[in-house]
Amino acid sequence: DQQVKQNSPSLSVQEGRISILNCDYTNSMFDYFLWYKKYPAEGPTFLISISSIKDKNEDGRFTVFLNKSAKHLSLHIVPSQPGDSAVYFCAATSYSGAGSYQLTFGKGTKLSVIP
Amino acid sequence: DTGVSQNPRHKITKRGQNVTFRCDPISEHNRLYWYRQTLGQGPEFLTYFQNEAQLEKSRLLSDRFSAERPKGSFSTLEIQRTEQGDSAMYLCASSLGEWGGQETQYFGPGTRLLVL
């Protein structure tokens, strides 16, 4: 049972336009959500996060929105740049009870920004 | 560079051989995680260390897998009697955890394992 779902395997956007990446989750215990960016043959790079007590967090061109009632979050990139082309992973976490805050990841969305 | 480092970056081995990977976390980080990523999937949690104590293991971590963090700094992940299904990217992440706090995990570049 996949607890974090990214239903769009890929997304193509023109340079300068907005990119919107979506993520749904099922586990209501998740209280912290993160977006990571990954290039081929590299590890995930942290982009932005949001606590469950907030509904929006902004960092430069990146904004994450959280809708707790719908168990949905989205990442907006404005304006999109060719260097943003990568796989984006949505991840969620909660305290495991054994000491860890292990991340549960979606399968990722491959973003292609077309010049 | 003060990020998470992993060695080797690539490993090709024959089925049945043992392999060992190393992770050096960000120096002040007390929490260390291992994940595994296969093609088309997101990373999946394997195990967690708080300083030198291994506090949590996933059901994905079969008895052929063992991890250590002997001095609370670097960590090693060993796979014994490798199988073709072990082929994956093995990722290490570290974080500065505070009790009850939300944390951000920072990942290393990963070790890509291919079992022939």
Exercise. Are there cysteines in the protein assembly as shown with no other Cys C-beta under 4.7 Å, and if so, which?
Worked result: none
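Longest span of chain B, sites excluded, free of trypsin sites (Lys or Arg not before Pro) in DSSP loop with at most 15 other C-beta atoms within 10 Å?
Values: sites that count: B:ARG9, B:LYS14, B:ARG15, B:ARG59, B:ARG64, B:LYS71, B:ARG81.
The answer is B:16-58.
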Exercise. Taking H as built 1.01 Å from N, whose amide H comes closer than 5 Å to the amide H of A:CYS23, not counting residues under 5 places away?
Worked result: A:LEU73
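Partner chain Cβ atoms within 10 Å, averaged over the residues of B:53-66 - can you pull that number for me?
Numbers: counts 1, 0, 4, 6, 1, 1, 0, 0, 0, 0, 0, 0, 0, 0.
Average per residue, whole number: 1.
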Exercise. Modelled label-to-label distance, A:ILE20 and A:LYS110, 7 Å Cα→beta-carbon offset: nm?
Worked result: 2.3 nm
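For segment A:19-115, which semi-axes, largest first and in whole Å, follow from the square roots of 5 times the eigenvalues of its Cα gyration tensor? List each step's numbers first, then the result.
Details: eigenvalues 108, 49, 23 Å².
One finds semi-axes of 23, 16, 11 Å for segment A:19-115.
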Exercise. Mind listing P(r) for segment A:57-96? All alpha-carbon pairs, 5 Å bins, whole percents.
Worked result: 6, 16, 25, 26, 15, 9, 3, 1
Exercise. What spacing in nm lies between the two simple spin-label points modelled at B:GLU68 and A:LYS5, each 7 Å away from Cα in the Cβ direction?
Worked result: 4.4 nm
Problem set entry | Shape parameters for chain B, alpha-carbon atoms, Rg then Dmax in Å | 13.6, 43
For this session: Put one equal scatterer on each alpha carbon of the protein assembly as shown, apply the Debye formula with no solvent term, and list log10 I(q)/I(0) at q = 0.18 1/Å to two decimals.
Result: -1.36
Seminar exercise, completed: Of all DSSP beta bridges with both partners in segment A:25-115, the antiparallel percent, nearest 5, is 100 percent
Exercise. In terms of modelled amide H atoms, which long-range or inter-chain residues lie less than 5 Å from the amide H of B:THR104?
Worked result: B:LEU96
Exercise. Each residue of segment B:23-33 in order: what ³J(HN,Hα) in whole Hz does its phi give by Karplus 6.51 cos²θ - 1.76 cosθ + 1.60, θ = phi - 60°, with x for Gly and Pro?
Worked result: 10, 10, x, 4, 4, 8, 7, 8, 10, 9, 10
Exercise. What list of ³J(HN,Hα) values in whole Hz, one per residue of segment A:89-102 in order, does the Karplus curve 6.51 cos²θ - 1.76 cosθ + 1.60 (θ = phi - 60°) give from phi, with Gly and Pro shown as x?
Worked result: 10, 8, 9, 9, 8, 8, 5, 7, x, 10, x, 9, 10, 4
Exercise. How big is the antiparallel share of DSSP beta bridges in chain B, given as a percent to the nearest 5?
Worked result: 90 percent
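To the nearest 20 debye, what charge dipole does the protein assembly as shown have about its Cα centre, counting +1 at the Cβ of each Lys and Arg and -1 at the Cβ of each Asp and Glu?
On the way: 25 positive and 22 negative charges, 126 e Å.
That gives the protein assembly as shown a dipole magnitude of about 600 debye.
What total accessible area, in Å², is buried where chains B and A meet, using a 1.4 Å probe and rounding to the nearest 100?
Details: alone 6960 and 6410 Å², together 11330 Å².
Approximately 2000 Å² gets buried when B meets A.
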Exercise. Given a 1.4 Å probe and every protein chain left where it sits, what share in percent of the accessible area of chain A is carbon and sulfur?
Worked result: 49 percent
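The values are calculated or read from the model by the stated rules, or taken from the named source; none is laboratory data. As the structure is a computational prediction, the values presented were derived from the model and not from experiment. Note: ideal-geometry Cβ built from the backbone for every residue, glycine included; neighbour counts use all protein chains shown. Remember, those area values only see protein heavy atoms, side chains included, never the ligands or the DNA or RNA. Shrake-Rupley method; radii C 1.70, N 1.55, O 1.52, S 1.80 Å.
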